[in-house]
Amino acid sequence: ADDDDDDDDELDKPVQVPVSHQIALKAHAKTVTCLALDPSGSRLVTGSSDHDLYFWDFAGMTRELKPFRHLEEPLGSFQLRSIGYSPTADRLIVAGASSQPAIFDRDGRKLTTLMTGDMYIRDMRTTKGHVAACTAAAWHVHDRSTVTTAGEDGTVRLWDVEVAVERGDDATSLNVNGGQKQVAVL
């Protein structure tokens, strides 16, 4: 009976959250909707309803707490919804209310935009990309050349990043290989 009392005492204790090392990073004009911390914990990228990306480097940050890079509307005038670092932290995927997520290097240089699909094709398995806004994007946990995106078109798509980057930023032509590996229609 004494063991049960010990478990109750553990649940009654308040959670101790360290608040002595907190800062306010102020840059966005509107609500922050997504963020990503690189695997080492040294860099942070924030995205917002203001359509902008800010890159923060904790190791190089001064007392002014300013970001080291600002990308104005990297996906155009679309709200940003998802940001993710690759497992090696050398690339980022950014998805938003656009049907075309983009891939950037760790310093914010755009490497490519993923393909858009053909909205007039009814079978979503046969399009080369999303035809509606993306809701999420994430890197494969171990494979730095595979990324997954999900969209309001009801699909989840796997992409070969190396093929997409090699293609460059010509994401308008439906005749080229965009790097899409697999499609799941939900």
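The values are calculated or read from the model by the stated rules, or taken from the named source; none is laboratory data. In this text the structure is predicted, and so the values were computed from the model without any measurement. Note that each Cβ is placed from the backbone with ideal geometry, even for glycine, and that neighbours are counted across all protein chains shown. Side chains included, ligands, DNA and RNA excluded: accessible areas come from the protein's heavy atoms. Shrake-Rupley method; radii C 1.70, N 1.55, O 1.52, S 1.80 Å.
Comparing HIS21, HIS51, HIS130 in a Gaussian network model of the chain, where Cα atoms under 10 Å apart are tied by springs, the biggest mean-square fluctuation is seen for HIS21.
Charged neighbours of LYS66, selected by a Cβ distance under 15 Å, balance to +1 (K, R count +1; D, E count -1).
Take the convex hull of the alpha carbons in the range 79-118; its mean projected area over all directions comes to 2.9 nm².
Overall dimensions of the range 91-151, expressed as equivalent-ellipsoid semi-axes from the Cα gyration tensor (√(5λ), whole Å, largest first), are 22, 13, 10. Counting charges near THR155 (Lys, Arg +1; Asp, Glu -1) among other residues having Cβ under 11 Å from its Cβ returns a value of -1. Computed from backbone phi, the HN-Hα couplings of the range 77-88 come to 8, 10, 4, 7, 10, 8, 9, x, 8, 5, x, 8 Hz, rounded to whole numbers (Karplus: 6.51 cos²θ - 1.76 cosθ + 1.60, θ = phi - 60°; Gly and Pro given as x).
If you run the Gaussian network model on the chain, springs between alpha carbon atoms under 10 Å, then out of GLU64, GLU152, GLU73 the most flexible one is GLU64.
Residue separation of VAL163 and ASP90 scaled by 0.36 nm, minus their Cα-Cα distance, works out to 24.6 nm of gained length.
At q = 0.13, 0.16 Å⁻¹ the log10 of I(q)/I(0) for the chain amounts to -0.69, -0.93, computed by Debye summation with a single uniform scatterer per C-alpha, solvent ignored.
Semi-axis lengths, largest first, of the ellipsoid equivalent to the range 26-112 are 19, 16, 10 Å, with √(5λ) applied to each eigenvalue of the Cα gyration tensor. Once backbone amide H atoms are built at 1.01 Å from N, THR112 has ILE103 as its partners under 5 Å, excluding neighbours fewer than 5 places away on the same chain. Taking the DSSP beta bridges in the range 48-180 as the whole, what percent of them are antiparallel, to the nearest 5? Here the share of antiparallel DSSP bridges comes out near 95 percent.
Here the Karplus curve 6.51 cos²θ - 1.76 cosθ + 1.60, taken at θ = phi - 60°, turns the phi angles of the range 180-185 into couplings of 5, 9, 7, 10, 10, 9 Hz, with x standing for Gly and Pro. So what's the angle, to the nearest 10 degrees on a 0 to 90 scale, between helix 2-12 and the longest Cα principal axis of the chain? So the inclination is approximately 60 degrees.
Evaluated with a Cβ-only charge set (Lys, Arg +1; Asp, Glu -1), the range 38-174 carries a dipole of roughly 180 debye about its Cα centre, given to the nearest 20. Within the range 77-186, the proportion of C-alpha pairs whose separation exceeds 23 Å stands at 17%.
Applied to the range 151-158, the Karplus parametrisation 6.51 cos²θ - 1.76 cosθ + 1.60 on θ = phi - 60° returns per-residue 3J(HN,Hα) values of x, 5, 7, x, 10, 10, 10, 9 Hz, with x for Gly and Pro.
Using C-alpha pairs below 8 Å separated by at least 6 residues, the relative contact order for the range 54-117 is 22 percent. Here the accessible area of the chain is 50 percent carbon and sulfur, with a 1.4 angstrom probe and all protein chains present.
Build a GNM of the chain with springs between Cα atoms under 10 Å apart, and of LYS128, LYS110, LYS26 the one that fluctuates most is LYS26.
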